[in-house]
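All remarks here apply to the structure that follows.
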Amino acid sequence: MFDPLQPQVKKLSAKQIRILGNLHYIGEGPRIFFQDAIALINDSSLESKQHLIGHLMREIDSAIRSIVKPLLNSNSETKKSSKCDGHEASIKDTLLFLGIDHQSDVGTLWLKYGNAKSEIQLHKFAHRKDLTYRSFDDEFYREWQNFEIILDEVLDRFTRKYLYFIKEAERFSSLVVVSASDESTFRNTIAPGSPLFRVFIGKLTSIAWFDSLRRMNYFQFSGNEKYLIQETHYYYWSPLVYLNKLIELNEFEKVSSVIQALPQFDNFGLHQEITKLYLQMPESYFLNWMEKEYEWFQRSRQLNPINIDLYLEAIEKVWSLQNEKLCFELMSSLLTILPDPDWDYENGKSNKSNVDNLWQSPKPLRKLSGDSYLKVLTHFVGIIKEKLPLKSIQFISNLLENMLMYGLHSWEKTEDKYIDDHSYITRPSIWDHPQNYNHKLSDKLVPIFRDAILNYIKDQETFDVIIQLVKQKRCLLFQRFYVFVIGKEGRNRNPNLFDEVLYNQIYAEDDCFGNEYHSLLSQNYAYLSKEEQVKYIDWLDTWANELEEKYKLEYQSNEVQENRVLSDMYNPKHRIDLFFYRKLPALQGNMPPDKEKYLVELKDKFSKSFVKPEFPHYHESFVGPISPLENLDISVLSVRELIQKMIEFQKEEDGWNEPSPEGLARQISRDVEINSSKYLNSISDFFNVQIPERYFGALLWGFRGAIDNRTKLESEALCKYLQFLSDLIKSKPIDQTLHLQHALASFFRTIFEKKIIPKEAFDRFDFLDWISVLLRSSSPDESYEEKGEDFVSKGINSVRGNALHSLAYFSIDYFRKFLNDDASKASDDPRVQRIYSILTDHFTGEYSTRKTDLCVLGQHFAFLYWLNPNWFHENRKLILNENKELSRIFFFSYVQYGGYSPAIYLKFKEWFSDSIEYLGDLGENAQEEKGIRPFRIGNFLVNLYGNGIIESCDDTLLEKFFSLPEGFLKANAIRFLGENAPENEPSVVKKAEALWRWRLENDPSFEEFEVFSLWIDREVYSEELIFETLRKVRLDSRLSFGIESYLRFVKDNFSKGPKISIEFINLVTEENSYLWNAKPGDDVWEILVLGITSSEASVREMAKDIIHRLGSYEYFQYRELLGI
């Protein structure tokens, strides 16, 4: 079934959506009538659609009046009226009950429909006057719009009286005798599947209503329920509550008659809830239902969402009732494996692609997830294995065979002994072992099948039936099981069969059987007689000689000759060595001396390879570079011994699983971090150019770790080491020391940012010269810069980026230590002059237009400008010029990561304006985290405003910023201002309040209302401001993350503004939320208590309306506040 709202959803107005939502409380019929009327108005070209719409209007009108009618008192207008004016009287009564004035706009409009003298009575819209028809015209459309106005107000008022309808539904449920009149009133008051029906059925406890409800089809799915049942996985059908109560009354036949009368459905939740019912019923009813569940299992392609534990309980009960056939049918259907419907098994390719892809494979279709599948199978096998052990084994084997067959790339006919299912790759051992990948479900079934057959052999004292079972299946995995079982049991149970496998050339040579054949030898060879052992060795030698001749012929073929240079794998001698290496270790200790010696040679040859005797396809995981020395080994070495190790250990990388220089370097770094003083005390020993550069870097990373751990380092020795490294870099071509440059630049950034260099060292060591050397580095190169737009990360992962950071942090450190925070001294200071000279050289040189360099400079713009503004004035064109892309990278980096600077704002105001324009041009894409974006521009502006640089809210830039469409940008600024206005500076707080009032006058975004909750939490701003905000809260913000702060304020200050407070609660509760599920003591509850006890009548009435509305959301706990 289609969603009836979906086709028109784009054409519905907000009012129409509200009406449809509220008609849901009346019933499905009126909601569909209104929906179809809209469809006729919007889409239909029918000439007579006015008559059709008129009929629908009449049905909606009468439905609303009929649901109110039972609640009218005996003195109502309807009781007193004559037949001719009954419609008008009914409308008057409904208006009175809902609290709508007869003379209000809505009252006047609605009463016209019931006035016998009116020309706009609904029946006149619906019925013909003569043999003509009324066409749909502007006049009728205006009446339709008036009808919408009526419905919008009336239905809203309906929700404000909702608890009275709840009480009426409960009255119906309490009846012990149901008359025809009760049925009639019920039908016109409570619709099937409606919220009121859920209340009624939930309270119903007796059988008095059963026949009436069945006769009136209340036990059938409504149209909306059919849609929800079909379109969702889980739907709770409200009559189930009542059916559960009938089961408690032992009314099993009544329950079953309802369920059996339902149409076919596939909703998981509904099936599960009904299964729960039948688990409580006698076995005949239960088994009948499980037959239906079997049919559901059969027709379903996906059952993963079901409650596995529930169905395991149900199937176990089927088994306990001795219905083996149904039990196996249920399990088979749940666990069935089907071919991939998107795979062409004949041609070995996907049906969805015309291109052959060797890496693409079919995916066998199953109904459960892997975990659920294993859980069900394991549980099932545990139930039946005692009574039907062989049948359980056959069941598992069939499932496993289907998994393997439907996972094959193609179903080619072959004369081979087995069909290669590649199980030896993903599950190389039938026993549990770390080498097993277990990626596929079939791999995970192996231990279940293995344990089942081994237990069967053990308990039944026979293994012939198992041998026959696995032997007849051609998939490789079952042939491996054949060798596995023979290896474990064959020598004692069937020696002839054991010999047949032992001397089988396929099992002995083929890698696919490598693990099983090796296990067979390991478990049995030592127990063979000497004669049998000699016989086997001779057979191996004879077979090896034959193989060697075969390998030589293959090696000489043209195809192999072309690959001879690339690989030694085809070398006959190598292949024979492999053949023996996979057998002889299992025979060790029971072989002739020449074979024992040969085995030693083989072990030495393959010791560093991935070749393992028992695993022809061995694998390992990468865990990072490996050190030849552990931390303890390094810690006991003297510095000179360690240096010797560094010099000696310079081998090329043999492989990722072998010890490497990088591994040793990392281990040394860890020791330096722990024992930094040991290295600094002997630092001059490291001034040795024979030491590979990676180890110099390792010391730096270790020292950096010590600094991060707040270890105090001896600065003189440290600086001497830095001097040595800098000189080493200068002595070589710049591109030959990149590894060391990275380590040194990053280290400089750390020591100056953390200010660990003492004042006296600034005069003894030429740090600026060292930094200048690094600024000549080629890192980052252009190719690295082109990979994405995250230049901030590139700055901290490149040499020049870290060098520029180091220069900036050096400036700050130097300024604090030597200039005593007095910027007036900076222009005359030689070292400061040199800093800016370095910047001039850099940004006029080779890297002047590199994006990463400009990004780093922008991040430190605020301090560097404050220290020497003249440099930026004189060199402005170096950083802010006609190249807008580069200029924006610099300035946006400042905005996003730099500090606040009034001087920069005043001097570069046009770039602040450009930042706002850039965000405006991005539009909806502004929030994407891509490149450097000036998101903090609003924070800058409100900071400047709070500090008086921007004098008023009428400022051009401030207005320009708050005119941006993206709410999150403005919300960031409002959050910043609200959180940072100092509470001990009343003037700044007042300015912040003035700006927010200005925003309230200019329609703030809902995101701004959200973050205003943080203003409330600070308790710094005036209550008047918050009450003003409550008056203007945007609807979109009613369920924001900050709603709790608003609620808390309203509760604490209700008496200071009861009217505003209750209106705010009325606004935010127009939409359902988990927040309204409150209890005594919670904010919402206490606010409503204050509301209904207020001295103001209007506040009390609104509080009551809110409580009724919350009841429509099924939060019935508030009823006690009204005594309903």
### Task
Compute the distribution of all C-alpha to C-alpha distances in the stretch 331-480, in bins of 5 Å from 0, and list the percent of pairs in each, rounded to whole numbers.
2, 9, 17, 20, 21, 16, 9, 4, 2, 1, 0
### Amide H partners (placed H, <5 Å) of Lys349, local residues excluded
Asp344
### Query
Hey, got the Cα dimensions of the chain along the principal axes, in Å, largest first?
121, 101, 57
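Cα-Cα over 27 Å: which of Lys49/Lys117; Lys907/Lys1032; Lys909/Lys991; Lys960/Lys990; Lys49/Lys161; Lys530/Lys583?
Numbers: Lys49/Lys117 24 Å; Lys907/Lys1032 38 Å; Lys909/Lys991 22 Å; Lys960/Lys990 22 Å; Lys49/Lys161 34 Å; Lys530/Lys583 17 Å.
In this structure, Lys907/Lys1032; Lys49/Lys161 lie more than 27 Å apart at Cα.
So what's the projected area for the stretch 386-453, the Cα convex hull averaged over all directions, in nm²? Walk me through the numbers on the way to the answer.
On the way: hull surface 21.3 nm².
Mean projected area of the Cα convex hull: 5.3 nm².
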### Query
What is the order of Glu979, Glu929, fewest Cβ neighbours within 10 Å to most?
Glu929, Glu979
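Can you compute the FRET efficiency between Ser45 and Lys124 using 1/(1 + (r/R0)^6), with r the Cβ-Cβ distance and R0 = 22 Å? Round to the nearest 0.05. Don't jump to the answer; show the numbers that get you there.
Working: r = 23 Å, r/R0 = 1.06.
Taking R0 as 22 Å, the efficiency between Ser45 and Lys124 is 0.40.
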### J(HN,Hα) series, the stretch 188-197, from Karplus relation 6.51 cos²θ - 1.76 cosθ + 1.60, nearest Hz, glycine and proline x
8, 10, 10, 8, x, x, 7, x, 5, 5
## Note on the structure
For the stretch 998-1012, in residue order, the Karplus 3J(HN,Hα) values (coefficients 6.51, -1.76, 1.60; θ = phi - 60°; whole Hz; Gly and Pro = x) are 4, 5, 4, 7, 10, 6, x, 6, 5, 5, 5, 4, 4, 6, 5
### Query
In the chain, with Lys and Arg counted as +1 and Asp and Glu as -1 at Cβ, which of these residues, Asn73, Gln360, Gln264, has the Cα nearest the positive end of the dipole, that is, farthest along it?
Asn73
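Sort Glu293, Glu874 by Cβ crowding within 10 Å, fewest neighbours at the top. Before the final figure, lay out each step's value.
Details: Glu293 23, Glu874 12.
Ranking Glu293, Glu874 by Cβ neighbours within 10 Å, fewest first, gives Glu874, Glu293.
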## Note on the structure
Under the helix-only model (-39500 (n - 2.57) for each DSSP H run of 4 or more, divided by the residues of the chain), the mean residue ellipticity at 222 nm, to 500 deg cm²/dmol, is -19000 deg cm²/dmol
### Task
Describe numerically, in nm with one decimal, the distance between label points set 7 Å from Cα along Cα→Cβ at Asp821 and at Arg997.
3.6 nm
#### Entry: Inter-site label distance for Leu12 and Lys387 at 7 Å from Cα along Cβ, in nm
5.3 nm
### Summary
P(r) of the stretch 9-160 over all Cα-Cα pairs, 10 Å bins starting at 0, rounded to whole percent, reads 11, 41, 35, 12, 1
#### Entry: Residue order, fewest to most surrounding Cβ atoms within 10 angstrom, among Met281, Met1102
Met281, Met1102
### Task
Give the long-range amide H neighbours of Ile626: residues separated by 5 or more places, or on another chain, with amide H under 5 Å away, using H modelled in the peptide plane at 1.01 Å from N.
Ser660, Gly663
### Task
Consider a paramagnetic label point 7 Å from the Cα of Phe606 along Cα→Cβ; state which residues of the stretch 387-424 have an amide N under 18 Å from it.
424
### Query
So which aspartates and glutamates can Lys720 reach, going by Cα to Cα under 12 Å and dropping same-chain residues fewer than 8 places off?
Asp685, Asp766
### Message
Can you list residues from other chains, or at least 5 along the same chain, whose modelled amide H is less than 5 Å from the amide H of Ile419?
### Response
Cys475, Leu476
### Query
Within a Cβ distance under 12 Å of Lys325, other residues only, what is the Lys/Arg minus Asp/Glu net charge?
-2
## Note on the structure
Extend 7 Å from the Cα of Thr840 along its Cα-to-C-beta direction; within the stretch 771-802, residues with backbone N under 17 Å of that point are 772
#### Entry: Along each principal axis, Cα extent of the stretch 1042-1124, largest first, Å
31, 29, 22
### Cβ-Cβ FRET estimate between Glu885 and Leu738, R0 fixed at 22 Å, reported to 0.05
0.20
### Query
What net charge is computed for the residues neighbouring Glu548, neighbours being all others with C-beta under 14 Å from the C-beta of Glu548, Lys and Arg scored +1, Asp and Glu -1?
-2
### Query
How large is ³J(HN,Hα) for each residue in the stretch 515-520, as worked out from phi by the Karplus curve 6.51 cos²θ - 1.76 cosθ + 1.60 (θ = phi - 60°), to whole Hz, x for Gly and Pro?
5, 5, 5, 4, 5, 4
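Between Phe687 and Ser635, what is 0.36 nm times their sequence separation minus the Cα-Cα distance? Round to one decimal in nm.
Value of the extension gain: 16.7 nm.
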### Task
Sequence neighbours fewer than 8 away in the same chain don't count; with that in mind, list the lysines whose C-alpha is under 21 Å from Lys112.
Lys69, Lys79, Lys80, Lys83, Lys92, Lys124, Lys129
### Query
Under a point spin-label approximation (7 Å from Cα along Cα-to-Cβ), what is the Thr336-Trp543 distance to one decimal in nm?
4.3 nm
### Summary
Computed from every Cα-Cα pair in the stretch 165-281, P(r) in 10 Å bins starting at 0 and rounded to whole percents is 13, 47, 33, 6
### Query
Among the aspartates and glutamates, which have Cα under 16 Å from the Cα of Lys440 when same-chain residues fewer than 8 positions away are ignored?
Asp340, Asp371, Glu401, Asp420, Asp421, Asp432
### Task
Mind scanning Lys413/Lys488; Lys573/Lys595; Lys471/Lys595; Lys817/Lys851; Lys317/Lys375; Lys851/Lys877 and naming the pairs with a C-alpha gap bigger than 24 Å?
Lys413/Lys488; Lys471/Lys595; Lys817/Lys851
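Please state the charge dipole magnitude for the chain, taken about the Cα centre, from unit charges on C-beta atoms (+1 on K and R, -1 on D and E), reported in debye and rounded to the nearest 20.
Working: 136 positive and 168 negative charges, 405 e Å.
The calculated dipole for the chain is roughly 1940 debye.
Bear in mind that the values in this text are calculations on the coordinates, not laboratory data. The structure displayed is predicted, hence computed values, not measured ones. Positions of Cβ are generated from backbone atoms using ideal geometry, with glycine treated the same way; all protein chains shown enter the neighbour counts.
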